[in-house]
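Scroll down for the structure; my scribbles are underneath it.
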Amino acid sequence: MTVIDFLYVTGFVFLLMTAWNLICCFKKRNKESNKFYINILATFFILLAICNGFFYIVSYGLIVYIPFTFKVFMPVSLLIPVLGYLFVDKILGNIDRWVKKDLLHLIPFVIVTLNYLPFYFMGFEEKRILIESVVNDLTGLITIDYKGFLKEETVFLMQIIISFFYMFLSWRSFFKKKKVFRLLRSKNEEIFKWVKTFIILKTVFYIMLPVSMFSSRFLIFENDSNIIALVIVHLFTISFVILSAYLLLNPKLFKVIRTHAVVVLKKLKISLSEISISIISKKIHLESDFTLKMLADSLEIDQTDITDAIVTSEHTNYKDFINSVRLNEMLINMNHSIYIDKTIYGIAQDFGFNSESTFHRVFKKNYKLTPKQYFSKPDNK
């Protein structure tokens, strides 16, 4: 097996493994699971694997045994950059459904499919002869007339333009949503990093596409022993491997993608600041055993409305949020005369902390210092 064979096979296997993991993730029954994004991403990797494998079949002449599949995946390959962009745009925008305008992205696919109809309906023998000529001289992939209304070089140029166009749209969507994700902080950190890596590796692939085409046309077929040219042609296969390997080596991202946006970017019925104001005005935070259900009943809203608001902040759950409110109120009011003779933890108890260890943990989490270290500073006394 040559280096190029190894790249092909590795890329194909990695892509299928990634798609399979996504499908397994898709099948998991979880009421918080958002399968829409998984579906898009799995389809992206499946099509990428098929097109990669099909190019291998053509390059090594195996296509003569299945001539009816020749050029079938050329229109399909135009869907890959579309799916890559739609995954980025929809997961960052929290759009978990198809909309009518998404059909516009199918226009290039339809045009190229119509272009190849004369070839698809070509007689078996005529098609076989044409395919054999391509196998004998792979430059025919670009130069041979397939009886369509577009020249083959035009179709390949369309593929490059479309790839770069959707690469641009992906980056634009990324930077457009970046400010929103910064506001949501740690809750979106993992998915944001993954999407950024996904776009970067897609960009590498899209750049390698015209480079590989140029190399195929002007380098490789001049000298089959030119290993450098061969590697250049298949550099985009390496990008497949890297892209898939990144996802496979970070399995927790499957869960992040599956559950993302269920509560992260949902339109809130009540803001966190409104909840905080209500808690403070009603002195709810002073009760150490005040639960989420009790808070929801007090505010006359559903518990899910409160948790939706909480998880869009830096807080991980209700307890983390309510303890943060307690701590802030304690620091604001602790200089009051009624607290002069009390210890720090004694004051903390008055603000709802019923455990000294919990108080110390919450304090250090919020201020990166222990209470003793914090109050030893002159400005905090």
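The values are calculated or read from the model by the stated rules, or taken from the named source; none is laboratory data. It should be emphasised that the depicted structure is a prediction, and the values quoted were computed from it without experimental measurement. Note that each Cβ is placed from the backbone with ideal geometry, even for glycine, and that neighbours are counted across all protein chains shown.
Restricting the first member to the range 317-343 and to residues that are among the aromatic types (Phe, Trp, Tyr), and the second to residues that are modelled with pLDDT under 85, the beta-carbon pairs closer than 6 Å and six or more apart or on different chains are Phe321/Ile310; Phe321/His315. Within the range 92-128, the set of residues being at pLDDT below 85, surrounded by 12 or more Cβ atoms within 10 Å (Cβ to Cβ) and in a helix (DSSP H, G or I) comprises Leu92, Gly93, Lys127, Arg128.
Is it the case that some residue within the range 346-365 is aromatic (Phe, Trp, Tyr) and surrounded by fewer than 17 Cβ atoms within 10 Å (Cβ to Cβ)? Break it down stepwise before answering.
Looking only at the range 346-365, we keep the residues that are aromatic (Phe, Trp, Tyr), and these are 351, 353, 359, 363.
Now restrict to residues that are surrounded by fewer than 17 Cβ atoms within 10 Å (Cβ to Cβ): none.
So far as the range 346-365 goes, no, none of its residues is aromatic (Phe, Trp, Tyr) and surrounded by fewer than 17 Cβ atoms within 10 Å (Cβ to Cβ).
When residues in the range 366-381 are screened for being within 38 Å of the chain's Cα centre (by Cα) and surrounded by 15 or more Cβ atoms within 10 Å (Cβ to Cβ), 1 of them pass.
Yes/no matrix, rows are residues, columns are (1) in a helix (DSSP H, G or I); (2) over 28 Å from Leu103 (Cα atoms); (3) in the same structural domain as Leu150 (by TED's automatic domain parsing):
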position	(1), (2), (3)
Ala49	yes, no, yes
Phe54	yes, no, yes
Ile57	yes, yes, yes
Val64	yes, yes, yes
Lys71	no, no, yes
Val76	yes, no, yes
Ile80	yes, no, yes
Gly84	yes, no, yes
Asp89	yes, no, yes
